[in-house]
1. Mind listing whichever residues of segment A:346-375 are open to solvent by less than 40 Å² (accessible area, probe 1.4 Å) and either closer than 20 Å to A:E326 by Cα or without any contact (Cβ under 8 Å) to a residue 12 or more places away in the chain (or both)?
2. Can you work out which of the residues in segment A:239-265 that are among the small types (G, A, S) and surrounded by 14 or more Cβ atoms within 10 Å (Cβ to Cβ) is farthest from the chain's Cα centre (by Cα)?
3. Name the residues in segment A:168-211 that are more than 9 Å from RNA strand B (Cβ to nearest atom) and among the acidic types (D, E), would you?
4. Answer yes or no: is there a residue in segment A:182-194 that is crowded, with 17+ Cβ neighbours inside 10 Å, in a strand (DSSP E or B), among the aromatic types (F, W, Y) and assigned by TED's automatic domain parsing to the domain that holds A:N361.
5. Taking segment A:481-509, which residues are within 11 Å of RNA strand B (Cβ to nearest atom) and within 33 Å of the chain's Cα centre (by Cα)?
6. Residue under question is A:R50, and the condition is that it be closer than 25 Å to A:L446 by Cα and free of Cβ contacts under 8 Å to residues at least 40 places away in the same chain; does it hold?
7. Which residue is modelled with the lowest pLDDT, if the candidates are limited to segment A:396-434 and must be outside the structural domain of A:L446 (by TED's automatic domain parsing), more than 19 Å from A:G510 (Cβ to Cβ) and part of a strand (DSSP E or B)?
Amino acid sequence: MEVDKDLKQFLKKIMAFANKTGIAYRTGNIYGGLAGFWDFGPIGVEIKNRIKDAWWNEFVRNRDDIVGYEGAIITHPKVWEASGHLSSFTDPLIFCEGKCKKKHRLDHLLEDQLKIQTEHLNLEEMGELVSKEGLVCPECGGNLGKPITFNLMFNTQVGPVKDSASVAYLRPENAQLIFSGFRNVIDSTRVKMPFGIAQSGIVFRNEISPRNFLFRVREYELMEFEYFTDPQKTNDCPLFHEVAGTKINVFSRKEQIEQTSEEYLSMSIQEAWENEFFKNKWQAYWLATFNNWFTDKMGINGKKLRFRQHLESELSHYALDTWDIEYHYKFGWKELMGCANRTQYDLKQHQKYSKAKLHFNETDETGVKRYIPYVVAEPSVGLGRILLTVIADGYQEETVKDRKRVVLKIHPNLAPYDVAVFPLQKKPQILAKAQEIFKFLRANGLTVNFDENGSIGKRYRRHDEIGTPFCVTVDFETLEDENITIRNRDSMEQTRVHIEMLIEELKKLGNNYLAAKMI
RNA sequence: GCGCCGAUAGUCCAGCCUGGUAAGACUCCUGUCUGCCACACAGGUGACCUGGGUUCAAAUCCCGGUCGGCGCACCA
């Protein structure tokens, strides 16, 4: 298929580009690599940290209604029992030892062939049934091997004694730390409904086959928050007017099933809400808010984003409704972010399993109200996926004077360096002046790179590749009149300003970035 | 996890069929020159994924493993 070919070539190119420029490398590369795990290089870690800071600033520091949290990576095993991750995600599997070598879900196989319920059976009993009934592979008629269990959670042993009581799990999502720590937060802070608890952290999923560079990996940083409301007030969203006019692309379950639209319908979030696409108003609010964050703060092209509703069959065990924000890559639409309506499911489960009281008390004119909070929305996004999307969206190849120019047109606030400083020549006076400006910019809080190597053109191109928005060049005239050249990454235009105006001018040019991008 | 295909410098790639220890381009480093968009001159660093086997000799042939691509399955 053509799409597959494009996918392969595009990701291959991005992967080679990331490796070349120091964004990301295969982990343990000198030993051949390890599937599903990646290291971030000097450039990648800068971009990544800036994305993460932007997220935390936007959704925690600059908001009155969200607080931060950081749970342990190795988590109490009971947490995953209560959440349903242990039972829902342990699948009994059996392999064909005949011709086809296919893997089958053992429980489904027994249900299909023997017409029995398997819920009460353990792995051993199911295995015995296979040999007793002489079951064979439904595909090729070959013999079936020994059954195994597979769970997407990584586990480990805590302490020196290896027994079943010492098994613990590496978290597959941050959410459960927030739910199991919920009581602590409401008891130790003075949060008022509605509010959110946010966490950014590394999670682990033992994916069967990690694929597509940073897209499907086994270890990644997940940035998510749970937004809680009174279950009676899931549509009571006083902030909605702030985003009401946001233009969005909607691809709901109806469009997907009935194929009334091939890709999406365009409308405002207000119209989408009025047309009852969403089950609660807060979820609509948060989807629109993230849409705007992706375009305004991440510099991602809004025309390439759409909201896709999960089909019934895709929903996770805890979700009433889930919407993904997808990005249109050169190889098709792919999930960038998920936003689930988790209802009261998780808090109720933890209350049941732990016997802790996880309700919230609220006092108003009518008296004291007590309820289990309702998670209207869980915006959950992988940092690596944003990084990949920012790079894929920003990566441009242009032809300048018959030669290829590679430019990473990313938002200036995400660039690994704010500015690069070049001496036009390696003459001592110019070098000294350039060093002076370099230190001056750094003292003013900018991330600066000094580059004196090779020709001036090469230096511009090198910084184009890693997305440095501005280069400042010091020449002979600078020594006379203190004027320097600022060169713009995207337009390659040069402006001449006095050193005293430099910082102001850089800020101005940076602020013009989005406006310029729209043209 | 199965099947098919692949893996040679930082990058792109030649060589593999027909065994004799590797070429080119770009990048990178040094020096000279030039002096605002990778293009001058000279020199230099740098590679056969890994472990076995066959052979006098393996990048090359054979087997296992790792990683990657695609397909199947899986994907909270």
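The values are calculated or read from the model by the stated rules, or taken from the named source; none is laboratory data. Just so it is clear, the structure is predicted and the values come from calculations on it, not from any experiment. With ideal geometry, Cβ positions are generated from the backbone for all residues, glycine too; neighbour counts draw on all protein chains shown. When the accessible area is computed, the model is the full protein with side chains, heavy atoms only, and any ligands, DNA or RNA have been set aside. Shrake-Rupley method; radii C 1.70, N 1.55, O 1.52, S 1.80 Å.
1. Correct list: A:G367 only.
2. In the first step, residues of segment A:239-265 are kept if they are among the small types (G, A, S); the result is A:244-245, A:252, A:261.
Still in the running and surrounded by 14 or more Cβ atoms within 10 Å (Cβ to Cβ): A:244, A:252, A:261.
Details: A:A244: 24, A:S252: 21, A:S261: 27 Å.
Residue satisfying both the conditions and the ranking: A:S261.
3. Of everything in segment A:168-211, just one residue is more than 9 Å from RNA strand B (Cβ to nearest atom) and among the acidic types (D, E), namely A:D187.
4. No, because not a single residue in segment A:182-194 is crowded, with 17+ Cβ neighbours inside 10 Å, in a strand (DSSP E or B), among the aromatic types (F, W, Y) and assigned by TED's automatic domain parsing to the domain that holds A:N361.
5. If the condition is that a residue be within 11 Å of RNA strand B (Cβ to nearest atom) and within 33 Å of the chain's Cα centre (by Cα), then A:R487, A:N488, A:R489, A:D490, A:S491, A:M492 are the ones that fit.
6. Values: closer than 25 Å to A:L446 by Cα: yes; free of Cβ contacts under 8 Å to residues at least 40 places away in the same chain: no.
So A:R50 does not fit the description; no.
7. Step by step, filter segment A:396-434, then rank; the result is A:R403.
Condition check ((1) at pLDDT 90 or above; (2) among the β-branched types (V, I, T); (3) outside the structural domain of A:T322 (by TED's automatic domain parsing)) across all residues:
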residue: A:C237; (1), (2), (3): yes, no, no
residue: A:E242; (1), (2), (3): yes, no, no
residue: A:E255; (1), (2), (3): no, no, no
residue: A:T260; (1), (2), (3): no, yes, no
residue: A:E263; (1), (2), (3): no, no, no
